1. About the Cα centre of the stretch A:52-170, how large is the charge dipole given +1 on each Lys and Arg Cβ and -1 on each Asp and Glu Cβ? Please answer in debye to the nearest 20.
2. How do A:VAL454, A:VAL545 rank when sorted from fewest to most other Cβ atoms within 10 Å of their own Cβ?
3. Give, as a single signed number, the net charge of other residues whose beta carbon lies under 14 Å from the beta carbon of B:CYS239, with Lys and Arg counted +1 and Asp and Glu -1.
4. Rank these for me by crowding, A:MET381, B:MET74, going from fewest to most other beta carbons within 10 Å.
5. Run the dipole for the stretch A:220-328 about the Cα centre, Lys and Arg Cβ at +1, Asp and Glu Cβ at -1, nothing else charged, and hand back the magnitude in debye, nearest 20.
6. Could you give the dipole magnitude of the stretch A:6-117 about its Cα centre, charging the beta-carbon of Lys and Arg +1 and that of Asp and Glu -1, in debye to the nearest 20?
7. Can you tally the net charge around A:ASN355? Count Lys and Arg as +1, Asp and Glu as -1, for every other residue whose Cβ sits under 10 Å from the Cβ of A:ASN355.
8. Neighbouring Cβ atoms within 10 Å as the yardstick, rank A:ASP562, B:ASP96, A:ASP216 fewest first.
Amino acid sequence: MITARGWWFLVVVLSILTLGAFGGRLMLTLVALTLLLWFLGEWLLFFVRVHWTLPAIRVHRDLSDDRGPVTTLWAGRSFRANVQIRLTSGLGHPWLRITEFIPFGVEKTEGNTERDTALSPDAPVTLQYKLRCPTAGLVRFEGITIQMADFQGLFYFSKFVQRAAIYRVLPPLADVQGHRPTVKRRNLLPAPGLHRHLRPGSGSELLDLRDYIPGDPPKTIAWKVSARRDRLITKEFESEVPIRCTLFVDTSHSVRIGAPGRNALARIVEISAAVAQAAAGVRDLTGLCLFDDQRTVRYLRPARGARHLVQVLNLLTDAAGLAPATGKARYQDLLPIAYAFATEVYPHLLQQEVNSAPGWLPWFWPNPDLNRDRPSLFTRMGRWTFMAVASVPFAIAALLAFLFADLLTGDAFSSLLSAFLPVPRFVLALIGMGLVVSVLVLYYPLAGLLFRMVRRFFSPRARRLGRWRKCLAALLAERYELGPGGLAQLLEDNERFALWVQRFLAEHHVPYAVPLYDRRGEYLFASPGKIEVLARALLRAISRVRDNELFVLFVDLMELGDRLDPLLRAVKVTLARHHRVLLICPWPPGVPPPPIRSTVRPEDIPPAWSAGGSAVITQLTTARLRRAFHRLRRRFGKMGVPVVCAASGDPVQLILARINQLRSVGTGRR
Amino acid sequence: MADDMTSTEADQDAMVRNYFLVCMGAMLVLLLDLLRRGLGPWALLPVAVGVVGAAFRIRFAPLLTIIVVAATFMATEGEFGSSSFLPPTFNGSLPDWILSAAMLAFFVAHYRILGLTGPYFPPDESKGAKASEGASTPGPAEHLTSPRGAHSITPSELSWFVLSLPVWAMLAQLLWKFIPAGVNPHELPAAAWQGIVFAWTFGVGLFLVAGILGYVLWQQRTRREARLVLQDALWREICRDQRRVSRELTRARLTRRHGKEKP
């Protein structure tokens with residue numbers, strides 16, 4: 001609370017007061033005492049203001065657009081935020097600074113999120129600004145920071161007033177007009193089944209004429225045309241059955257990699273939302289299945305209507321905000337980010353009075369090394385051999401001291417030893433051997449402890465991380481109700497700690513980086529479990545549906561080329577039931593998408609070794625991904641399943657064209 | 001709008017000018033007082049430091065001024081026969097009262113000038129440490145450089161400030177008067193004894209005030225803070241056992257996973 005200026009003031013005034021009081025100088029004593037009393041008075045006043053004013057602060061935030069207050073936002077649109085800070089009671093404060101915490105992934109376009117002002121119970125303060133969310137997902141408003149200082153700059157206090165609020169940012173409104181598969185002939189939003197369906201059915205609009213087939217109902221015979229052509233002609237009418245399309249959206253960790261809003265999942269959500277909106281525009285039915293590598297997270301049966309569409313968009317929006325997580329992430333990389341964020345938003349939970357890190361902790365609490373890969377037998381034998389060899393000099397020194405003690409000290413050592421331990425000489429030798437073995441046993445941990453302490457002494461960062469880890473582990477244990485046992489476990493288990501920290505960061509939408517490969521070079525985010533999950537979900541879906549439906553799979557299968565069998569079997573069953581399947585493959589951001597039509601095979605392109613390390617890596621990665629995509633397209637193409645890269649072309653148009661094709665199934669001459 | 005801004009800036013300038021005049025007045029009082037005490041030409045030294053510091057808005061000018069005053073006073077007390085040693089019984093001193101009020105005026109006015117012309121809020125050191133770790137998060141501005149706004153200036157600010165000066169000086173004299181100096185069981189010099197009694201009184205007073213304020217803060221703890229306190233206390237008690245258990249659990253989990261990964 002006391003600033004550097006305040007401490008200097010206190011030190012100088014107390015020194016002069018000591019000098020005056022103990023030296024008997026009245027003038028200095030009274031001057032210093034006056035200054036000291038004034039300082040204490042100001043401190044007391046500031047303390048009262050801080051601790052009686054801040055608890056009485058109420059924050060109210062509302063977001064609105066041109067029509068009025070909103071509870072959900074739309075990606076790509078601007079909204080007005082209005083934050084009102086009101087003091088219900090207390091003394092007020094003559095001058096303070098209020099700062100709104102802008103959520104991650106939100107752009108402020110106009111206005112101020114910071115204001116210096118006076119605050120009193122009868123005059124609320126308002127912050128107004130405009131914000132824009134570039135991508136779909138969730139935004140979380142945390143609260144406001146209030147900074148207070150006195151007029152003289154001797155005291156300062158900062159507090160974060162929490163007023164957390166989460167808003168959904170729905171995907172951008174699709175251009176339904178541009179994405180409409182058929183040309184509307186009547187109103188903009190026809191009744192179900194009234195739009196042009198090319199599939200013959202029992203509708204009222206004439207679709208085509210064809211030759212009579214025995215079994216056709218007599219009422220469909222076009223008598224005039226039949227008379228003109230001198231054979232029986234049957235009329236075909238448009239179908240009134242709308243098309244049903246189910247979107248299978250992969251939300252596993254493999255598609256979450258990348259900056260929020262710019263990863264593969266964001267692109268999938270964007271495409272899915274556009275398809276859902278376009279389908280809803282022509283009153284088709286759209287279903288949604290969200291799955292990850294462990295289970296089907298949510299399944300919505302195909303339906304239509306505004307309410308269903310909003311439900312689909314909400315689910316897609318929630319999925320878009322998901323962040324990747326892996327236990328292999330290094331907690332040393334995550335800890336500074338999480339701790340910095342916690343000090344910003346939860347400073348009251350990191351105060352020394354409630355969440356202390358003991359001084360001995362960074363020195364004597366070793367970093368757990370259990371999470372490393374188990375050392376091989378050879379490594380362990382090498383360690384034990386090193387330990388034994390390293391302790392040999394000690395053992396030899398002890399033995400020599402024991403053997404030559406008599407020579408060096410005469411008989412004094414033996415007589416002293418027999419006086420204290422009146423036992424035979426071989427017992428003494430056994431005791432000596434026991435001592436040597438004890439040294440051998442304790443040598444390794446003691447040496448390790450000392451080595452760690454010395455290492456910590458020269459590494460202030462390691463000590464700092466140790467303190468931060470304890471404070472953050474306590475905060476996480478309290479937040480997620482892990483209890484004191486949980487706190488201890490977070491201090492010991494690096495993997496769990498990294499996972500909880502990632503969850504904490506993901507909940508607050510703080511971006512962080514995760515490693516893509518482990519130490520053995522294995523890709524961490526292949527998520528092979530999703531193949532089984534998707535296959536089961538697809539089979540379950542076709543068991544409930546009717547005929548000629550479209551299943552669009554938004555799934556990342558690039559790293560799973562050799563584990564596709566369950567999915568291929570499920571797709572075969574789906575095709576055998578006269579459904580259509582379309583595979584949209586997400587593409588990593590920043591990697592050039594594969595060309596739509598290319599005569600050159602990816603494996604035939606040689607890497608440009610002279611272009612430099614980074615360029616070569618990018619080129620090799622691109623080539624590897626293109627090869628994987630090529631293989632994927634070949635395997636699914638054999639079954640007649642188109643595979644489209646989400647990053648190239650217009651997948652939305654392609655999906656809608658497929659839906660349109662489904663409408664025409666059965667047209668013509670059957 | 002432009003007129004409003006001009007008027008607020010004018011208010012700010014006027015307030016800075018007023019505080020500067022207060023500084024100069026305080027220095028004049030200091031000069032007269034030191035001259036009256038017989039410091040002669042040495043009286044100009046602290047005054048010069050104060051005037052230069054106020055004119056150039058040097059941040060540590062008040063502290064430097066009082067240090068120079070003390071040094072000058074102590075250096076010249078034998079030479080000029082200054083008579084300001086503690087008397088056996090203290091009944092108040094008008095010159096000291098005026099001098100104390102003047103010094104306080106100089107301190108407060110100078111610090112307020114700094115707040116009106118320079119950064120009002122001090123830089124947050126904890127955020128600086130985080131930035132050095134490379135872990136800064138977007139959010140509130142990390143370095144605040146704007147001065148105190150003109151809207152915070154009220155017409156009564158200067159009046160209250162000037163009125164409070166003699167009060168604090170009088171309080172100091174009263175406090176010193178009530179510090180017992182007569183009874184001295186250890187036969188120490190009177191000044192030393194009085195200093196010891198004052199130090200004890202001051203320390204015990206601070207201890208009591210800190211205890212009361214600590215209790216008030218304790219009462220204001222939220223539910224989450226209270227849970228953290230309890231969790232921390234429990235962890236301290238059982239951290240050794242918990243550590244052992246957690247290590248074994250972690251080891252078992254990793255061993256099990258290692259066995260699963262093995263084909």
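FYI, it's all coordinate maths here, none of it is from the lab. Remember, it's a predicted structure, so these values are computed and weren't measured experimentally. FYI the Cβ positions are ideal-geometry reconstructions off the backbone, even for glycines, and counts take in every protein chain you see.
1. On the way: 15 positive and 11 negative charges, 70 e Å.
Using Cβ point charges on Lys, Arg, Asp and Glu, the stretch A:52-170 gives about 340 debye.
2. Values: A:VAL454 10, A:VAL545 17.
With the fewest neighbours first, A:VAL454, A:VAL545 line up as A:VAL454, A:VAL545.
3. Working: positive: A:ARG469, A:LYS470, B:ARG236, B:ARG240, B:ARG243, B:ARG244, B:ARG247; negative: A:GLU492, B:ASP232, B:GLU237, B:ASP241.
Surrounding charge for B:CYS239 is +3.
4. On the way: A:MET381 11, B:MET74 15.
Arranged by neighbour count, lowest to highest, A:MET381, B:MET74 become A:MET381, B:MET74.
5. Working: 16 positive and 10 negative charges, 62 e Å.
So the dipole magnitude of the stretch A:220-328 works out to roughly 300 debye.
6. Values: 11 positive and 9 negative charges, 44 e Å.
Using Cβ point charges on Lys, Arg, Asp and Glu, the stretch A:6-117 gives about 220 debye.
7. Details: positive: A:LYS470; negative: A:GLU353, A:GLU478, B:GLU225, B:ASP232.
The answer is -3.
8. Numbers: A:ASP562 8, B:ASP96 23, A:ASP216 15.
Arranged by neighbour count, lowest to highest, A:ASP562, B:ASP96, A:ASP216 become A:ASP562, A:ASP216, B:ASP96.
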